[in-house]
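Down below is the structure, laid out as structure tokens.
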Amino acid sequence: QVQFVESGGGLVQPGGSLRLSCTASGSIFSMDIMGWYRQAPGKQRELVATIYSGGHTNYADSVKGRFIISRDNAKNTVSLQMNNLKSEDTAVYYCNAVPVRANWGQGTQVTVSS
């Protein structure tokens with residue numbers, strides 16, 4: 001079964017940027033839709049960005065215009081460029097297929113604070 005390893009999180013000030021990366025242990029070519037999810041303290045995990053194998057993307061309203069998802073099937077990676085970060089973006093970020101088809105990775109912590 002494919003496993004995901006997320007990286008790139010950290011502490012950033014409001015208005016700053018981060019780029020998250022997700023590397024799969026196997027091929028993501030067969031996963032038509034890949035997504036980035038996040039879970040903030042005390043809240044349910046939510047889907048914030050999706051990308052189809054053909055490149056079409058969708059975003060949650062809360063991140064639209066600020067986040068950009070991309071994928072490289074040849075390298076089995078999915079990335080999330082996050083710009084103009086806000087305190088409400090603070091969460092642990094995960095990648096997985098949409099709908100979920102693999103175990104969750106460890107995630108990467110993003111903290112937006114001054």
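The values are calculated or read from the model by the stated rules, or taken from the named source; none is laboratory data. Every value quoted in this text rests on a predicted model; they were computed, and no experiment measured them. Methodologically, a virtual Cβ is constructed for each residue, glycine included, from the backbone with ideal geometry; neighbour enumeration extends over all protein chains shown. All accessible areas refer to the heavy atoms of the entire protein, side chains included, with ligands and DNA or RNA removed. Shrake-Rupley method; radii C 1.70, N 1.55, O 1.52, S 1.80 Å.
Can you give the convex hull volume per residue for the Cα atoms of the chain, as a whole number of Å³? Cα convex hull per residue, to the nearest whole number: 88 Å³. By a straight-distance test (C-alpha under 27 Å), which lysines pair with Lys86 as possible cross-link partners, with residues fewer than eight away in the same chain excluded? Once the sequence-local lysines are set aside, what remains near Lys86 is Lys43, Lys64. Ligands, DNA and RNA are left out, and with a 1.4 angstrom probe the accessible area of region 37-114 is 52 Å² per residue. Label zone (Asn58, point 7 Å along Cα-to-C-beta; backbone nitrogen cut-off 19 Å) within region 21-39: 30-39. Quick check for you: which residues of region 51-85 have the amide N under 20 Å from the point 7 Å beyond the Cα of Arg101 toward its beta carbon? Backbone N within reach: 51-59, 69-80.
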